[in-house]
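Trainee: Dropping a structure here in structure tokens format, bear with me for questions.
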Amino acid sequence: MVGVEGHPRTGWVEIITGSMFSGKTEELIRRLKRAQIAKQKVTIFKPRIDNRYDETKIVSHSQSEIQSIVIDRPEEILEHAIFAQVIGIDEAQFFSEEIIEIVDKLADSGKRVVIAGLDKDYRGIPFGPMPVLLAKAEYVSKMLAICVRCGAPANYTQRLVASRDQVVIGAMDSYEARCRHCFELNEENSEDA
């Protein structure tokens, strides 16, 4: 199939990012369901570590859901995505840096790759492979939550439980959205403490 100005039709990467409770997964589900309605072949993935709401479905905080394939390693995506036109990946920050190469291969082979993931961890620093994925993507949607303290646009994820681990799976019991002014780097959670 030929695209604009005679160039071959190519794939691309869309990133949906922001803090927790900003609607990233909700937007991912919306885009993937629209592709399904258009009768496109859609294959969806999530990391095994994210089992907050369901073992196999991607579920948003507002309970929207879509069936997915649970994987441990990014290379598993290639095994399942051979016939897909659209690839959905949730919680991309939890995958190893290998996901960058996998996403490039998928887009280079003509697939639309739609990814959701946190851009920053609980310390407010770039999270996992997300900075490189953001830099490589053709489209980036930065989602904002609402600060639970003051109501301003929230771009940070405030951890409410004590842990120095970068990954602590949780929802409203463990995290809340905060703006830059209300965000507090908790010393007991900081690796530098």
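Nothing in this text is a laboratory measurement; each read-out follows from the coordinates by a stated rule. This structure is a prediction, so every number in the text was calculated from the model and none was measured. FYI the Cβ positions are ideal-geometry reconstructions off the backbone, even for glycines, and counts take in every protein chain you see.
Trainee: Just the number, please: percent antiparallel of the DSSP beta bridges in the range 4-143, rounded to the nearest 5.
Mentor: 15 percent
Trainee: If you place +1 on the Cβ of every Lys and Arg and -1 on the Cβ of every Asp and Glu, how big does the dipole about the Cα centre of the range 22-128 come out, in debye to the nearest 20?
Mentor: 600 debye
Trainee: If you build a Gaussian network model of the chain, linking Cα atoms that sit under 10 Å apart, which residue out of VAL113, VAL161, VAL59 swings the most?
Mentor: VAL161
Trainee: Which one, MET20, ILE146, LEU78, projects farthest toward the positive side of the charge dipole computed for the chain from Cβ point charges (K/R +1, D/E -1)?
Mentor: My answer, from the dipole projection, is ILE146.
Trainee: Multiplying the sequence separation of ARG164 and GLU184 by 0.36 nm and subtracting their Cα-Cα distance, what value in nm do you get?
Mentor: 5.7 nm
Trainee: Also, quick follow-up: Rounded, prolate or oblate: which fits the chain when a ≥ b ≥ c are the square roots of the eigenvalues of the alpha-carbon gyration tensor, with rounded for a/c under 1.5 and prolate only if a/b beats b/c?
Mentor: The shape class here is prolate.
Trainee: Continuing with this model, one more query. What residue among ILE99, ILE115, ALA35 has its Cα farthest toward the positive end of the dipole of the range 4-143, where the charges are +1 on Lys, Arg and -1 on Asp, Glu, each on the Cβ?
Mentor: Working it through, the farthest residue towards the positive pole turns out to be ALA35.
Trainee: In debye, nearest 20, what is the charge dipole magnitude of the chain about its Cα centre with +1 on Lys and Arg Cβ and -1 on Asp and Glu Cβ, if you could check?
Mentor: The dipole magnitude comes to about 880 debye.
Trainee: Could I ask something else about it? Once you list every other residue whose beta carbon is under 10 Å from the beta carbon of ILE99, what net charge do they have if Lys and Arg are +1 and Asp and Glu are -1?
Mentor: Its environment carries a net charge of -4.
Trainee: Right, another one. Taking the Cα centre as origin and putting +1 on Lys and Arg beta-carbons and -1 on Asp and Glu beta-carbons, what dipole magnitude results for the range 18-63, to the nearest 20 debye?
Mentor: In debye, rounded to 20, the range 18-63 gives about 280.
Trainee: Please report the net charge: other residues with Cβ closer than 12 Å to the Cβ of GLU176, K and R +1, D and E -1.
Mentor: +1
Trainee: If you don't mind, another one. In what sequence do ILE66, ILE125, ILE37 fall when counting other Cβ within 10 Å, fewest first?
Mentor: In order of increasing Cβ crowding within 10 Å: ILE37, ILE125, ILE66.
Trainee: Running a GNM on the chain with Cα contacts under 10 Å, which residue among ALA107, ALA154, ALA135 ends up with the highest mean-square fluctuation?
Mentor: ALA135
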